[in-house]
Amino acid sequence: MNTELTGIIATFLLTLVIAIPLGKYLAKVFAGEKVWTDFLKPLETGIYKLSGINIKEQMNWKQQLKALLTINILWLFYGFFVLIFQDKLPFNPDGNPGMTPDLAFNTIISFVANCNLQHYSGESGVSYLTQQYVLMFLQFVSAATGIAAAVVLFKAFRDKTTTELGNFWEFFVKSITRLLLPLSFVMAIILTFSGTPASYEGKDQFISLQGDTVHVSRGPAAQMIAIKHLGTNGGGYFGANSAHPFENPSYFTNMVELIAQVIIPIAMVIAFGYFIRRKKLAWTIFGVMTIGLFMLLLPMLSSELGGNPALAKMGISQTTGAMEGKEVRFGPAASAYWATVTTIISTGSVNSMHDSTMPMSGTWQLLGMMINSFYGGCGVGLLNYFIYLIVAVFISGLMVGRTPEFLGHKVEAREIKIAAIITLLSPFLILAGTAIASYIFTSHGDAAWAVQPKNWLNNPGFHGFSEMLYEMTSSNANNGSGFEGLGDNNIFWNLSTGIVIFLGRFLPIIGPVAIAGLLGAKKFIPESAGTLKTDTKTFALMTFAVILVLNALSYFPALALGPLAEYFTMLK
Amino acid sequence: MKKYIIQSIRLTLVLLVLLCVVYPITVAFIGKMSKGNGGGEKITKNGKTVGYALLGQSFTKPQYFWGRPSAVAYNAAGSAGSNKGPSNPDYLKEVQSRIDTLLKYNPGIKKSDIPADMVTASGSGLDPNISEQGAAIQIQRVAKARNLDEKKVKELVAMNTLKPFMGMFGPSSVNVLKLNLALDEL
């Protein structure tokens, strides 16, 4: 069998082998049961003590959200000022300049929100201080924020009726000490010994075999690359992200990075089922998500392995598939697999340039980000899926003419209103954002910005439209990958995507946590013959249909104007 | 509310120490034991650094094997792909001219012998590898420029071919820098 295909099959199977036990472990960690990492307890106790936190203090859902938002807003201010003044601060061996206020605004929101859209390039846009003390720091804590928010939701459904949802700080700290930090440590060591730089040495210079002088950017990259994948952040150390030979030296490290970005999102689904003692529910959710993965992966594999039809017309050999923007050591199959998981999960790191993938691959990448809950980001993937579940429960309830229920709690007008607002938010931000961008591109091409609107697009025609649509979609999904041909470091894109990222992050956290808090406080209704069971195949199919219909209705017109139009033009 | 603000500030400071001082410095310290001491593995020739094992270099002379086209001209102080879309007319012209260049400098090969990786820019612009077919079409040219037997060059290519990971996973590839170094050492 083709070694490229065996490579991705092995990667997927290894992912499951790690993720499923990890999920069971997480359920125990957050329930406070005995686990083998309990030797880390003194470290946690120390952190609580130094921070003045009493973890016995129970919070309701509103207090949980207050704590979450307070610390996130603090990080926004801290990071913004460090980014602006990085040229005057220490640890800047390459002498990189401070950021402009609009770029700093975009970058800091992007990293606080776990999005990691980057309008700068790692080699020339940030110092070693900001790489570690702002960007890598936020990769840890933003992932932990998402996980902690999901655990609050777990808590709401564990007991029959409750308003005490545990302590946010405890969930947050444990996500770091019991999960992100130990795994990052192991992975950073693996990467370092595979060739990724980890030391603090600055730029190097050498004379190549042919006699050219070459400068080489280096730095403590391995540490950041580990958490960038485990935390589904995606912000790379170097400009080319995981296509860069230093960030991703070999096929082996490519497998490691692919596995790392998927394990926690899958583990959170499993943990949910074990935590609320409804294992079957976890497996049906996992089933729907996995079918979603393959429905996006298989067509993408076929279009990338098939190669570029326009190049085929020139008469060259494309037995290795489409290679523009890809690296030889990974090949098109592992690149297509990566492009699928990085878009369905909100990682957004890339090992090939998505702008250069085939038009139909672009469609699947966009759709993956629009759905944003086939596994999804650390913690938040499950929160997004929860909204689809509530909508599915509501629609099913209407179909059979009963008051909808979810896990023994009545779903009423208030919850449905919140779910509806969150569902409508994504299409609103993506489509309105793209529409405004298109309007400025066509009508105000000469605006005197860092990149003039008429020069925004690296590609003409339908593909150019896809570049703008992709940027907005990626921002809303907190994904962070891009069709990087877009000239995005200017005031319009910095501000607009910054706002979209902020709303696309915090409202979809507040909404599900609020719904869960409201439901958890309601009277528990024991299951009866008339109860709609949410862990059956029928209901799984219903949820899947809801996801497809909602997204198709919202986005088909925009997709038709971009990648689909390009695809059909290329068929000619 | 005030309580949360103070807790947030204190927790942030504690985590900054744990995540941004303890963690990365420990990794950097252990990394000193890796090849290249955690600063990237270098390749030296006669005591001088001539490159990094993982980074591709620009090769344009006929006696060297050429790497893939690069959007950043193999400048390792930056990195990027071309970000050209598959139907962009300017891009397609560029590919056509790369095909013509290869045909001109490698007489004896057919258009259908040219693999896609030799006429498309890599994702990083620093791709150190080419496909086996990409090396095969250059053997004749390199052998002629160096007055070597084609068989000998073919052997060197085979010796510098990296097989799939564990023999089963992923594509095989040829490291251009190592191959060219081996040629220079003949």
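Based on this model, can you work out whether A:Ser199 counts as farther than 18 Å from B:Asn37 by Cα, crowded, with 19+ Cβ neighbours inside 10 Å and among the small types (Gly, Ala, Ser)?
No; evaluated as a whole, the condition is false for this residue.
Using the structure shown, decide if A:Leu68 is part of a helix (DSSP H, G or I), without any contact (Cβ under 8 Å) to a residue 12 or more places away in the chain and touching a Ser or Thr at 6+ places or on another chain (Cβ under 7 Å).
So A:Leu68 fails the test.
Of all residues in the stretch B:1-37, which are aliphatic (A, V, I, L, M) and under 30 Å from A:Phe246 (Cα atoms)?
Residues satisfying the conditions are B:Leu15, B:Leu16, B:Val17, B:Leu18, B:Leu19, B:Val21, B:Val22, B:Ile25, B:Val27, B:Ala28, B:Ile30, B:Met33.
When you scan the stretch B:29-83, how many residues do you find that are more than 7 Å from every other protein chain (Cβ to nearest Cβ), of a type outside the set (A, V, I, L, M, F, W, C), outside any loop (DSSP other than H, G, I, E, B) and touching a residue at least 40 places away in the same chain (Cβ under 8 Å)?
Number satisfying all stated conditions: 1.
Output the residues belonging to the stretch A:199-243 that are under 21 Å from B:Ala28 (Cα atoms), over 23 Å from the mean Cα position of the chain (by Cα) and among the hydrophobic types (A, V, I, L, M, F, W, C).
A:Val216
Okay, residues lined up against (1) of a type in the set (Val, Ile, Thr); (2) modelled with pLDDT under 95; (3) within 25 Å of A:Lys326 (Cβ to Cβ):
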{"site": "A:Leu431", "(1), (2), (3)": "no, no, no"}
{"site": "A:Ile440", "(1), (2), (3)": "yes, no, no"}
{"site": "A:Ala448", "(1), (2), (3)": "no, yes, no"}
{"site": "A:Pro460", "(1), (2), (3)": "no, yes, yes"}
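Is the stretch A:521-533 home to any residue that is away from chain B (no Cβ under 14 Å), part of a helix (DSSP H, G or I), out of contact with any Asp or Glu (no Cβ under 7 Å at 6 or more places or on another chain) and surrounded by fewer than 21 Cβ atoms within 10 Å (Cβ to Cβ)?
Within the stretch A:521-533, none of the residues are away from chain B (no Cβ under 14 Å), part of a helix (DSSP H, G or I), out of contact with any Asp or Glu (no Cβ under 7 Å at 6 or more places or on another chain) and surrounded by fewer than 21 Cβ atoms within 10 Å (Cβ to Cβ).
Given the criterion buried (at least 23 other Cβ atoms within 10 Å of the Cβ), facing chain B (nearest Cβ under 8 Å) and either over 23 Å from B:Asn75 (Cβ atoms) or under 23 Å from the mean Cα position of the chain (by Cα) (or both), identify the matching residue among A:Val141, A:Val151.
Going through A:Val141, A:Val151 in turn, the sole match is A:Val141.
Which condition does A:Ala336 not pass, out of (1) part of a loop (DSSP other than H, G, I, E, B); (2) more than 7 Å from chain B (Cβ to nearest Cβ); (3) on the phi < 0 side of the Ramachandran plot, if it passes all the others?
Just one mismatch for A:Ala336, condition (1).
Can you tell me which residue is nearest to the chain's Cα centre (by Cα) among those in the stretch B:135-186 that are within 21 Å of B:Tyr52 (Cβ to Cβ) and part of a loop (DSSP other than H, G, I, E, B)?
B:Asn160
Just to be sure I understand, how many residues within the stretch A:417-442 are surrounded by fewer than 18 Cβ atoms within 10 Å (Cβ to Cβ) and free of Cβ contacts under 8 Å to residues at least 40 places away in the same chain?
9
Could you list, in sequence order, all residues of the stretch A:254-292 that are farther than 18 Å from A:Ile344 by Cα, in contact with a Leu (Cβ under 7 Å, 6 or more places away or on another chain) and surrounded by fewer than 24 Cβ atoms within 10 Å (Cβ to Cβ)?
Listed by number, the list holds a single entry, A:Gly273.
Hey, B:Gln138 hits all of (1) within 11 Å of chain A (Cβ to nearest Cβ); (2) buried (at least 16 other Cβ atoms within 10 Å of the Cβ) but one; which does it fall short on?
Here B:Gln138 clears every test but (1).
Residue check, B:Leu177 against (1) closer than 30 Å to B:Thr44 by Cβ; (2) surrounded by fewer than 21 Cβ atoms within 10 Å (Cβ to Cβ); (3) within 11 Å of chain A (Cβ to nearest Cβ); (4) not small (Gly, Ala, Ser), all met but one. Which one?
The failed condition is (2).
The values are calculated or read from the model by the stated rules, or taken from the named source; none is laboratory data. Here the structure is a predicted model, which means the values were calculated and not measured. Cβ sites come from the backbone with ideal geometry, for glycine too, and all protein chains shown count toward neighbours.
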